[in-house]
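The values are calculated or read from the model by the stated rules, or taken from the named source; none is laboratory data. Everything numeric in this text was worked out from a predicted model, so none of it was measured. Cβ sites come from the backbone with ideal geometry, for glycine too, and all protein chains shown count toward neighbours.
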Amino acid sequence: MNILKRLYYCLITIKQRLMGRNRKTSDPQFEFLLEVIQAIEDSRGDQQVVYPLLAANTDKINARLAKLLHVVGTSILEKGEIYQTAILLRYIGDLSTLIAQFTLGDKASNMEIAITGNKIVLTFFTREVCAEKWALTQNNLGGAYIDRIKGEKAQNIEQAIACFQEALKVYTFDAFPEDWAMTQYNLALAYRNRITGDKSQNIEQAIAFFQESLKIRTFQALPQAWARIQFYLGEAYHHRITGDKADNIERAIACYQEALKVYTFDAFPQYWATTHNNIALAYHHRITGDKADNIEYAITCLKKALTVITFDAFPQDWATLQSHIAGVYLDRIKGDKAQNIERTISGCQETLKVITVEDIPQQWGNLQTNLGNAYVSRMRGNKAENIERAIASYQEVLKVRSFEACPQDWAGTLDNLGNAYFLRIRGDKSENIERAIACYQQALKVYTFDAFPQYWTTIQAHIGAAYLNRITGEKAQNLKQAIACFQNALKIDTIDAFTLNEGRLQAYRKLIEQLLRQSNDEEVFNVLNSYRDSIDGGFWQTMLVVAEDLRIQGNLDKSYFLTNIVEQLMGVHQKTYDDPIDFLLEVLQTSQDSKSDKQILYPLLAENTDKLNQKLAEQLQAWAITKLSEVKPDEAKSIVTAIGIFSDLIQEFPLGDKSSNMEIAITGYKVVLTVLTRDEFPQRWAMTQTNLGNAYRSRIKGDKAQNLELSIACHQKALTVYTFEAFPQYWARTQHNIGIAYRNRITGDKAENVELGIACYQNALKVITFDAFPQDWARTQTTLGNAYRNRIKGDKTQNLQQAIACHQNALKVYTFDAFPQEWAVTKTNIGNAYFQIIEVDDVDKEQNLEQAIACHQNALKVYTFDAFPQEWAVTNNNLGNAYRNRIKGDKEHNLEQTIACLQKALKVRTFEAFPEKHVETLFVLGLAYQDSNQFNLAYSTFASAINTLESLRE
């Protein structure tokens, strides 16, 4: 009996057993299985013969066929002669290999059939009977488990690893080098995707197995296999956890570049494009080299990939690329930051128009994540609306990122959503905070202390901040909960052990708020010295938590300010320099590496504020003159680029002596201009002139009037390049800068200076429109309004009415919800303008006073005593003046209001803190007492004011 007859006999026997002996009905799946085995025998397993047969019968390739194959195989093993059984099981093995690689039909069923077939083969071809066949089948079975869809994925991968390790008992390097290399490669892929075990160790194992495989799969012997391993090695190094991150990314890039030696555009366009995508991701995250240039190169690589990966040809890969492009533009440094964010938003939105969540859920979720992140960071548009859109995007992401399917992505999305609710402006504030807390707590189901300690502590800090701001529930309980979360957040890198209580926490926060109102190191240290009894380990830790809270809210300057104080005063190691010039060189190198990122340079400056002085400015000038005369033009350009970055950053540095910082910046810009001339580098020359002009305007040393003249001259020079036609946006900004300088100008006719300032602001508004640049437009409206308030020429009443119109324009952008501080400033400006009108025009005096009072009362919604004590005092002083002049209402009541407001103002305007303002408020208060016939109080108040004034003259 030949093999097929034997198989047919087995099938008949099985059919009778399953269907009953008297059933004559044929079974298509039995017939189909017989036909496939026949095709494998006739063609010797040629897929070009077998695959068309499979393709024509995909309806028969299902779970039942796997069960049938198992029964057939078992029956053959039970009944047969060894030789015939061996031949038949080889055919079943071939069927398993072919169907595992078959791309049509139900993938899950295909893999179950392959696994079933390989298991049957292994019951006969044991290691003792036929070691080579056994090893090959173990390898095939491992591959089937890797691709298996049914069952638990983690367990399938473990099964695959076990199979590959079994195969290596036969496939040794010496006996079967090529099979050994193949199995090493398979193990690498399994560890690359492994779920159980330590992730970092799994990646190390994958790298080791890939490297072992390369001992045989060389570029010369097997170029395609070699390139594929280089590609996967690149991915492994990119995601590597152990080792130096910068070095790992460099290794990843090197591997991808190696792969491109084989994966050329002409020979393997799809692989070429995929490799460029991965290179782009590596450059996006690259630490070495210029960050801005790295991101530009990433964009270039992604654009290359898109020449092959089109929507029509590869919709899923195309969507992935679009998601990557969106993420890169979100982090882009070059170009206009606001425009880059807009590019991210428009890119995500356009892509989401052509892909659906049903077709490509993972890529759809990535795009929604990038869209949400972009809206949170967005500079244009209404801030409240942007946050609403971010929330909507994150909620969309959660439709495809579940706790069960992708727990880390799910937790990360909930953290993002929590931050968005925490920042939310619309809706009920208490409800927003509750939602934020709920999101953070959900994220902690994945981000546990043991598995993800860094994420766990970060979210604990987020929850603590939310409880500090919580409205719902008892305040005392919320504080206790916040304390508990902060203490959890401090489990990593704890500076000192301490115990928090409600009283101390409140004291810490008030002290921190006071620190945030200081403008230089001396003031900071004076405040800390005054409260030295309150300062302990708990205070420093609370400072760090508040800094993290500020960072989440996007207030990076204040966040850094607090972090820096902690680092300085907790005794952070300060590097010593044998030669003062060594510090300068390190500053310039760090500036060059930072590419304008203040978070890179500022820690170095903060540790060395004692060196930021006039002497450093002199050293910078002397060193630069000598060095630039010795080097070639390219190196000179590189040096002054670093000096320019240093000058930009030190001009805004919040610590050290402000006067010295400005001198260093001015010296630096002057050095830059010796190399970056107008003829050779017109745009950079103009930008440096602009920066130098701003530095002169803010300069403390030297004659103020002369500094302002120098500032105007610099900006006017910039305008020789920044013309309206060539660079409209820069032209407008420069016009605005000149307008500010004319506003403050001392020389020349004051009335003419105001006119020149107004003309500049009006010029700026030709480009800076409400639609194109709403925030810049509002800022320019504000400065123009202030200029009209101070205008000397023209009708005073009309000028003030024009000022009010400008400030009311600004309120179209500066809403209470979106920009509360700017809203309060603008309300104050409008209130002051209405009060000024009554001083020059009696028409509508009563109504103008009511308007002034309403504006100042509105401002107090933001300017509270705790949050903004100085502004609170100024506003109460303004209200006092307005109530004293009020026509409407009961005069006695108005005077009571006047006295109450002025007394409030004096709580902040003390003799010690603000002596001149103290005198000013005392005089008005004395007049109010006099108007209300409280003559004794009036006398004592005037006496106090006079005594204070006399002491100031001494």
How many residues does region 690-706 hold that are of a type in the set (S, T, N, Q) and more than 14 Å from Gln651 (Cβ to Cβ)?
1
Regarding Glu725, is this residue of a type outside the set (Val, Ile, Thr) and outside any loop (DSSP other than H, G, I, E, B)?
no
Under 6 Å between Cβ atoms, which residue pairs at least 6 apart in sequence (or on different chains) link something in region 449-478 that is polar (S, T, N, Q) with a partner that is assigned to a loop (DSSP other than H, G, I, E, B)?
Thr457/Ile492; Asn478/Arg470
Just wondering, is there one or more residues in region 830-847 that are surrounded by 14 or more Cβ atoms within 10 Å (Cβ to Cβ) and touching an Asp or Glu at 6+ places or on another chain (Cβ under 7 Å)?
no
Take the residues in region 924-939 that are exposed (fewer than 14 other Cβ atoms within 10 Å of the Cβ) and either in a helix (DSSP H, G or I) or of a type in the set (Val, Ile, Thr) (or both); name whichever of them is nearest to the chain's Cα centre (by Cα).
Tyr939
Inspect region 405-427 for any residue being charged (D, E, K, R), over 30 Å from Trp823 (Cα atoms), assigned to a helix (DSSP H, G or I) and in contact with a Gly (Cβ under 8 Å, 6 or more places away or on another chain) and give the result as yes or no.
yes
Can you find, within region 478-518, the residue that is modelled with the lowest pLDDT among those that are exposed (fewer than 12 other Cβ atoms within 10 Å of the Cβ) and under 27 Å from Phe449 (Cβ atoms)?
Ala497
State all residues of region 120-171 that are touching a helix residue (DSSP H, G or I) at 6+ places or on another chain (Cβ under 6 Å), hydrophobic (A, V, I, L, M, F, W, C) and assigned to a loop (DSSP other than H, G, I, E, B); if no residue qualifies, say none.
Phe125, Ile149, Leu168, Val170
Verdict on Ile666 being under 29 Å from Asn294 (Cβ atoms) and either buried (at least 18 other Cβ atoms within 10 Å of the Cβ) or free of Cβ contacts under 8 Å to residues at least 40 places away in the same chain (or both):
no
Gly197: passes all of (1) within 30 Å of Val308 (Cα to Cα); (2) in a loop (DSSP other than H, G, I, E, B); (3) free of Cβ contacts under 8 Å to residues at least 24 places away in the same chain but (1)
Cβ pairs under 6 Å, 6+ apart or interchain, first in region 733-757 and over 12 Å from Arg791 (Cα atoms), second hydroxyl-bearing (Ser, Thr, Tyr), ordered by first then second residue, are Thr734/Tyr722; His736/Thr780; Gly739/Tyr761; Ala741/Ser711
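Table: residues versus (1) surrounded by fewer than 23 Cβ atoms within 10 Å (Cβ to Cβ); (2) within 29 Å of the chain's Cα centre (by Cα); (3) assigned by TED's automatic domain parsing to the domain that holds Leu306.
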| position | (1), (2), (3) |
| --- | --- |
| Thr172 | yes, no, no |
| Ile195 | yes, yes, no |
| Ala221 | yes, no, no |
| Ile241 | yes, yes, no |
| Tyr283 | no, yes, yes |
Taking the residues in region 848-867 that are under 30 Å from Gln518 (Cα atoms) and of a type outside the set (A, V, I, L, M, F, W, C) as candidates, determine which candidate is surrounded by the fewest Cβ atoms within 10 Å (Cβ to Cβ).
Asp866
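Table: residues versus (1) in contact (Cβ under 8 Å) with a residue 40 or more places away in the chain; (2) more than 19 Å from the chain's Cα centre (by Cα).
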{"site": "Leu367", "(1), (2)": "yes, no"}
{"site": "Ile391", "(1), (2)": "no, no"}
{"site": "Gln395", "(1), (2)": "no, no"}
{"site": "Val400", "(1), (2)": "yes, yes"}
{"site": "Pro407", "(1), (2)": "no, yes"}
{"site": "Asp415", "(1), (2)": "yes, no"}
{"site": "Asp428", "(1), (2)": "no, yes"}
{"site": "Leu444", "(1), (2)": "no, yes"}
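Being more than 22 Å from Ile639 (Cβ to Cβ) and either touching a helix residue (DSSP H, G or I) at 6+ places or on another chain (Cβ under 6 Å) or modelled with pLDDT of 95 or more (or both) narrows it down to one residue among Glu709, Glu725, Glu663; which is it?
Details: Glu725 fails: either touching a helix residue (DSSP H, G or I) at 6+ places or on another chain (Cβ under 6 Å) or modelled with pLDDT of 95 or more (or both); Glu663 fails: more than 22 Å from Ile639 (Cβ to Cβ).
Result of the check over Glu709, Glu725, Glu663: Glu709.
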By residue number, the members of region 868-893 that are in a helix (DSSP H, G or I), free of Cβ contacts under 8 Å to residues at least 40 places away in the same chain and surrounded by fewer than 21 Cβ atoms within 10 Å (Cβ to Cβ) are Lys891, His893
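Of all residues in region 727-744, how many are farther than 17 Å from Pro682 by Cβ and more than 30 Å from the chain's Cα centre (by Cα)?
Here is the first cut: in region 727-744, the residues farther than 17 Å from Pro682 by Cβ are 732, 735-744.
Those left that are additionally more than 30 Å from the chain's Cα centre (by Cα): 735-744.
Adding up the residues that qualify gives 10.
If you scan region 599-652, which residues turn out to be over 30 Å from Ile565 (Cβ atoms), among the aliphatic types (A, V, I, L, M) and outside any helix (DSSP H, G or I)? First the steps, then the outcome.
Just the residues of region 599-652 that are over 30 Å from Ile565 (Cβ atoms), to begin with: 621-641.
Then keep just the ones that are among the aliphatic types (A, V, I, L, M); that gives 622, 624-625, 628, 631, 636, 639-640.
The answer is Val631, and nothing else.
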Name every residue in region 258-281 that is buried (at least 19 other Cβ atoms within 10 Å of the Cβ) and of a type in the set (D, E, K, R), in order of residue number.
Glu258
Counting only residues that are within 18 Å of Ala764 (Cα to Cα) and of a type outside the set (S, T, N, Q), region 781-811 contains a total of 9
In region 618-663, how many are aliphatic (A, V, I, L, M) and exposed (fewer than 15 other Cβ atoms within 10 Å of the Cβ)?
3
